[in-house]
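Engineer: Here it is, the structure, as structure tokens.
Since every read-out is calculated from the coordinates, none of them should be taken as a lab result. For clarity, every value in this text was computed on a predicted model and none was experimentally measured. We place every Cβ from the backbone using ideal geometry, glycine too, and count neighbours over all the protein chains shown.
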């Protein structure tokens, strides 16, 4: 937005320009953390549960920020030479500003959601599309009603494709993100039992994911798993419908494309990514250079000849099965699984955990360590060597005596269990 005047920024955000400031060129970036705001930045003071970010606007402006976008209560702040924009709802103003910048870029937008694997698929799409176009993709976990606008606003003027991950915890949230991003391509990686505690049924989960498809324009492209009946009710005649996976429109990876991994679930995610790349006119070839986001299946060899698979960002029944299958297929020595509670699964949570224990046994896992009260239910159906501990710290203490040289150790659980300390502990 370097070329935008304060008046243009205010108009795009639907805000009132109280003070135009002394800097006529637009802001270099948008931030919501006053500690990160510096010269040339537009600080958006969002109201929070404990404190309204607008209270820090005067300090930010005094430090040379381009301007501040705040709520009505802060309309009288000392501008210190910066622009002051006021809106009844600063978050909505941030979102409107992002939509305006998305339109100004003229970039194609790929939106990605799914019950599991959406971050890895986002990484794969960015790598594939990046072979032929200038790409900006969601960093870290900026995939919410706050993070997505910041991702869009962080895109430079020469961006050709935006790859945006879209997270949700309830009905209407994907629709909100789609309204902000105005996607041309919508990818649903899969539909599984995630957030059942909030949504109640797998059908409700599918309907929530399908909000992305409803947000596509006529002529847009919907990319969905082949043979997924839960998404069939959401077909739209004016949208191109592309399926991926066995029996789908994109069922195989081309020989000219070499992936840096062999796991079945990642190769399936790669099919979705390939369909998305083709939808924006890119046919990826050669060895794909992709860096997966942290805590999503990175393999690290640690002292003692042990390989740690750090997949502890989150977990649900679908991703647990896929990770166990990958462990079974790739481990050269003993297969060790350190599995934590899967949260937000609703009244059937015990059954889901028992089923994972049975799946671990069927996959040939040699040693199971469960972490947390829910994960403990995996032990009985597993039937093999199992150790149950209460916390991630307990697992860190127990594992050195349990592991052997040559083991491959999968570490996976819901984010709230905090299993990253286990992976860190094993890595020394």
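Engineer: Once you wrap a convex hull around the alpha carbon atoms of region 298-426, what is its projected area averaged over all directions, in nm²?
Structural biologist: Numbers: hull surface 25.8 nm².
Over all viewing directions, region 298-426 projects a mean Cα-hull area of 6.4 nm².
Engineer: To continue, here is another question. Hey, in the GNM for the chain with a 10 angstrom Cα cutoff, which one of 344, 160, 385 fluctuates hardest?
Structural biologist: Greatest mean-square fluctuation among the candidates belongs to 385.
Engineer: Looking only at 126, 57, 137, which one moves most when the chain is put into a Gaussian network model with springs between Cα atoms under 10 Å?
Structural biologist: Maximum among the listed residues: 57.
Engineer: Output the Kirkwood hydrodynamic radius of region 6-94, Cα pairs only, in Å rounded to one decimal.
Structural biologist: Working: mean 1/r = 0.0823 Å⁻¹.
Result for region 6-94 stands at 12.1 Å.
Engineer: For residue 299 and residue 424, compute 0.36 nm times the residue count separating them, minus their Cα-Cα distance, and round to one decimal in nm.
Structural biologist: Details: separation 125, 0.36 × 125 = 45.00 nm, distance 1.22 nm.
Extending this stretch completely gives an extra 43.8 nm.
Engineer: Using the alpha-carbon atoms, what tilt in degrees (0 to 90, nearest 10) does helix 264-279 show relative to the longest principal axis of the chain?
Structural biologist: 30 degrees
Engineer: Let me ask something additional. Once you wrap a convex hull around the alpha carbon atoms of region 106-287, what is its projected area averaged over all directions, in nm²? Please list the in-between numbers first.
Structural biologist: On the way: hull surface 39.0 nm².
That works out to 9.7 nm², a quarter of the Cα hull's surface.
Engineer: If R0 is 22 Å, what FRET efficiency do you get for residue 262 and residue 405 from their C-beta distance, rounded to 0.05?
Structural biologist: According to the calculation, E is roughly 0.40.
Engineer: Angle check, please: helix 317-330 long axis (alpha carbons) against the longest principal axis of the chain (alpha carbons), in degrees 0 to 90, nearest 10.
Structural biologist: With both axes taken from Cα atoms, the answer is about 60 degrees.
Engineer: Taking N as the number of residues in region 283-357, what value does Rg over Cα atoms divided by 2.2 N^0.38 Å take?
Structural biologist: Details: Rg = 15.0 Å, N = 75, 2.2 N^0.38 = 11.3 Å.
Output field value: 1.33.
Engineer: Counting DSSP beta bridges in the chain, what percent are antiparallel, to the nearest 5?
Structural biologist: Working: 9 of 61 bridges.
Around 15 percent antiparallel, to the nearest 5.
Engineer: Further question: To test your reading of the geometry: what angle, between 0 and 90 degrees and rounded to tens, separates the Cα axis of helix 392-402 from the longest principal axis of the chain?
Structural biologist: Roughly 30 degrees, rounded to the nearest 10.
Engineer: Report the Stokes-Einstein translational diffusion coefficient (µm² s⁻¹, integer) for region 162-206, Rh taken as the Kirkwood radius over Cα pairs, at 20 °C with viscosity 1.002 mPa s.
Structural biologist: Roughly 186 µm²/s, to the nearest whole number.
Engineer: If you take every DSSP beta bridge whose two residues both sit in region 10-145, what share of them, in percent to the nearest 5, is antiparallel?
Structural biologist: Details: 4 of 14 bridges.
Restricted to region 10-145, the bridges split so that about 30 percent are antiparallel.
Engineer: Which of the peptides 368-374, 129-135, 196-202, 283-289 is most tightly packed, and how do the rest follow, going by the mean number of other Cβ atoms within 10 Å of each residue? Could you put the intermediate results ahead of the total?
Structural biologist: Details: 368-374: 23.7, 129-135: 18.9, 196-202: 15.6, 283-289: 13.7.
Packing proxy ranking, top to bottom: 368-374, 129-135, 196-202, 283-289.
Engineer: Turning to a different aspect of this structure: Regarding region 243-322, what is the average projected area of its C-alpha convex hull, in nm²?
Structural biologist: Working: hull surface 27.3 nm².
In nm², the orientation-averaged hull projection of region 243-322 is 6.8.
Engineer: Could I get the Rg over Rh figure for the chain? Both from C-alpha atoms, Rh via Kirkwood, rounded to two places.
Structural biologist: On the way: Rg = 23.4 Å, Rh = 23.1 Å.
Taking Rg over the Kirkwood Rh, I get 1.01.
Engineer: With a 10 Å Cβ neighbour count serving as the proxy for reagent exposure, in which order, fewest first, do 414, 5, 427 appear? Spell out each step's value before the answer.
Structural biologist: Numbers: 414 22, 5 16, 427 13.
Ordered by Cβ neighbours within 10 Å, fewest first: 427, 5, 414.
Engineer: Could you compute how fast region 37-145 diffuses translationally, taking Rh as the Kirkwood radius over C-alpha pairs and applying Stokes-Einstein at 10 °C with viscosity 1.306 mPa s? Give it in µm² per second.
Structural biologist: Details: Rh = 16.1 Å.
The Stokes-Einstein estimate is 99 µm²/s.
Engineer: Could you list the residues of region 248-265 with an amide nitrogen less than 13 Å from a label point located 7 Å from the Cα of residue 283 in the Cα-to-C-beta direction?
Structural biologist: Answer for region 248-265: 254-257.
Engineer: Calculated from DSSP H runs of 4 or more alone, at -39500 (n - 2.57) each and per residue, what is the 222 nm mean residue ellipticity of the chain, nearest 500?
Structural biologist: On the way: 15 runs with 140 residues, N = 428.
Rounded to the nearest 500, the figure is -9500 deg cm²/dmol.
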